[in-house]
1. Tell me, Leu241, Leu441 in order of fewest to most beta-carbon neighbours within 10 Å?
2. Nearest 20 debye, what's the magnitude of the dipole of the chain about its Cα centre given +1 on Lys and Arg Cβ and -1 on Asp and Glu Cβ?
3. Which shape class, rounded, prolate or oblate, goes with region 202-274 when its Cα gyration tensor gives a ≥ b ≥ c as root eigenvalues, a/c under 1.5 marks rounded, and past that a/b bigger than b/c marks prolate?
4. Which one of Thr100, Leu65, Tyr116 is farthest out on the positive end of the charge dipole of region 52-121, using unit charges on Cβ (Lys, Arg +1; Asp, Glu -1) and the Cα centre as origin?
5. Distance between the C-alpha centers of region 571-633 and region 501-535? Whole Å please.
6. Beta carbons within 10 angstrom, averaged per residue: use that to sort the peptides 166-172, 30-36, highest first.
7. Out of Gly170, Ala211, Trp235, whose Cα points farthest toward the positive end of the dipole of region 170-242 (charges: +1 Lys, Arg; -1 Asp, Glu; placed on Cβ)?
8. Over the Cα atoms of the chain, what Rg and Dmax result, in angstrom?
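Bear in mind that the values in this text are calculations on the coordinates, not laboratory data. None of these values were measured; they are calculated from a predicted model. Cβ atoms come from the backbone with ideal geometry, glycine included; neighbour counts cover every protein chain shown.
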Amino acid sequence: MADIQTFKQENRVFAPPAEFVKNATVSGMDAYNALCAEAERDYEGFWARLARENLQWKKPFSKTLNESNAPFYKWFEDGQINVSYNCLDVNLENGNADKTAVIFESDDAKVTRVTYRELHKKVCHFANGLKSLGVKKGDRVVIYMPMSVEGVAAMQACARIGATHSVVFGGFSAKSLQERVIDAGAVAVITADYQVRGGKQLPLKSIVDEAIAMGGCDTLKNVVVYKRAGADINWVEGRDLWLHDVVANQSDICEPEWVDAEHPLFILYTSGSTGKPKGVQHASGGYLLWAVLTMKWTFDIKPNDIYWCTADIGWITGHTYIAYGPLAVGATQIVFEGVPTYPNAGRFWDMVQRHKATIFYTAPTAIRSLIKAADADEKIHPKQYDLSSLRLLGSVGEPINPEAWMWYYKNIGNEKCPIVDTFWQTETGGHMISPLPGATLQVPGSCTLPLPGITAAIVDETGNDLPNGTGGILVVKRPWPSMIRTIWNDPERFKKSYFPEEFGGKVYLAGDGAIRNKDTGNFTITGRIDDVLNVSGHRMGTMEIESALVANPIVAEAAVVGKPDETTGESICAFVVLKRPRPTGDEAKAIAKELRDWVAKEIGPIAKPKEIRFGDNLPKTRSGKIMRRLLRVLAKGEDITQDISTLENPAILDQLKEAQ
Ligand code: 6R9
């Protein structure tokens with residue numbers, strides 16, 4: 001972590017416009033500081049007040065936080081709630097019934113509007129349909145869907161009947177899907193025939209078929225299929241059902257299933273530092289509370305906003321900031337099926353213009369690729385579009401480099417929109433460190449300050465606090481309502497991964513490094529401190545990709561490292577030893593392609609190594625440990641200047657210098 005000590009100090013500072021501050025939910029630093037002070041004075045009282053003011057409880061809670069079985073914290077445990085009730089019924093009662101909940105835009109730019117009343121009805125039909133299949137409270141349902149109103153409705157329908165959903169991103173392979181269905185013990189998979197992205201039809205249902213054919217999905221009873229494209233698919237009578245048949249003739253009313261606040265709302269698999277993805281389990285009450293509060297605080301959501309989060313529902317951002325948060329605050333949001341580059345790289349800006357979006361939330365990798373595209377083609381440069389409706393911009397998923405931040409600020413925000421650079425994780429459920437748009441001074445590349453109630457800090461390897469200006473390990477010192485509750489089926493791994501004994505077992509270890517500015521205390525995230533890569537904002541474990549590679553019969557050994565990449569943040573570079581002699585030239589190219597396709601099949605196209613290099617061996621210490629730090633240097637194409645005296649086989653380094 002030595003390099004983070006030398007992080008360039010960023011001196012540009014941007015204050016929120018006076019007009020924004022005036023109308024903001026959290027208006028000015030005094031208001032922010034007052035919330036922080038309230039949390040510090042009476043931590044439980046602070047959360048209890050907010051939970052009472054912001055959520056509708058069927059049965060009020062009397063106990064705010066139970067720490068008796070730490071780190072398995074419980075929030076609002078004797079309260080009863082239903083998340084879908086809070087997202088839908090509440091809006092029918094408070095005057096939002098005929099307000100547009102979702103503006104759905106398909107890949108081919110067809111626009112459908114759904115009001116809160118219509119969405120409520122759709123979700124009730126869906127929920128009753130699931131019930132008619134025997135799905136009940138506590139069951140797990142895997143959702144493998146394209147971006148669609150039906151995808152959001154599927155999640156809401158599960159929440160309504162107390163079933164725990166596990167959404168699997170549509171880019172994951174049959175193998176990944178099968179592993180998740182088995183680990184979650186799912187009783188049903190909800191999918192679509194195809195997904196349509198960038199003008200192409202990509203199969204989903206056939207991947208589900210393939211996953212089930214791999215075996216082991218013993219708990220699975222039904223596959224519910226949303227007809228998106230209408231193309232031919234394989235059909236298993238008795239198991240497979242069309243969504244339109246499942247919801248036909250269902251009642252418009254589905255009484256919500258009231259669940260304890262701690263009831264698992266969903267499991268979402270994410271990559272960790274070991275091979276197997278972790279099923280991050282979230283609760284109901286605490287999760288929803290933070291989704292609502294961050295919609296209000298970070299996104300300053302107002303009744304007239306047209307909010308757009310470009311994430312996919314397969315990721316945590318699409319859970320908290322599409323499927324739940326916006327609905328729970330009665331917002332109007334855009335849901336987009338397609339990709340930012342189709343029909344051209346002006347798509348986002350065209351959509352902002354047409355729908356008059358006011359809040360736009362996307363990932364740095366998208367911004368960086370659109371900068372490149374705009375530089376290459378004047379016709380789709382953001383200046384060709386009317387983006388004046390925008391009032392707030394957001395960034396999520398990875399560090400945003402200051403130059404991309406500045407471009408976003410100038411070209412998309414016209415120097416009048418605050419940017420909220422939101423640092424958070426699948427495990428945190430919602431934003432943790434972020435500017436508040438009507439309060440915080442923004443600094444390009446810095447996620448600035450923890451949200452009120454979030455006790456983020458920087459410590460050394462033994463858990464001791466470090467002073468500002470010194471880089472270290474990012475932790476959260478106290479539990480917060482939307483935190484991960486456990487890893488599904490693996491409580492021991494939960495403890496070991498997030499509350500390790502080295503840190504006293506009580507602080508949450510985020511897995512990122514960070515540094516705080518000496519003067520302002522602003523946080524800058526310096527990247528993962530574990531073996532997790534971040535490629536285009538997608539989290540991937542190096543071990544996961546290595547396991548996929550060595551599962552190929554021709555591979556003897558593999559080591560995967562991240563390499564800095566201008567567009568995707570990091571790219572995947574794999575060093576591979578084959579069971580046959582080291583290939584060169586065209587043979588190496590052909591095998592590299594074969595292995596890339598193999599990884600796409602094992603995990604999904606997002607995990608394909610960009611680069612594969614072959615060696616007779618890997619650089620190892622005398623005790624046989626792979627020296628990854630050397631591989632990182634080689635991947636970057638730099639010369640090795642570090643000490644290699646512990647290296648068993650220095651000659652190997654020359655072989656691994658060149659990409660195939
Ligand atoms: C929400 C989400 C989490 C990891 C996290 C960190 C990186 C996310 C960031 C950021 C710097 C930000 N990350 N937001 N790094 N600045 N604003 O992305 O969840 O997919 O679980 O990834 O992403 O490394 O640990 P998830």
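1. Listing Leu241, Leu441 from fewest to most nearby Cβ atoms yields Leu441, Leu241.
2. Dipole size: approximately 360 debye.
3. Because a/c hits 1.5 or more and a/b fails to exceed b/c, region 202-274 counts as oblate.
4. Highest projection toward the positive end goes to Leu65.
5. Centre-to-centre (Cα) distance: 29 Å.
6. Top of the packing list down: 166-172, 30-36.
7. Gly170
8. Radius of gyration, then largest Cα-Cα span, for the chain: 24.4, 74 Å.
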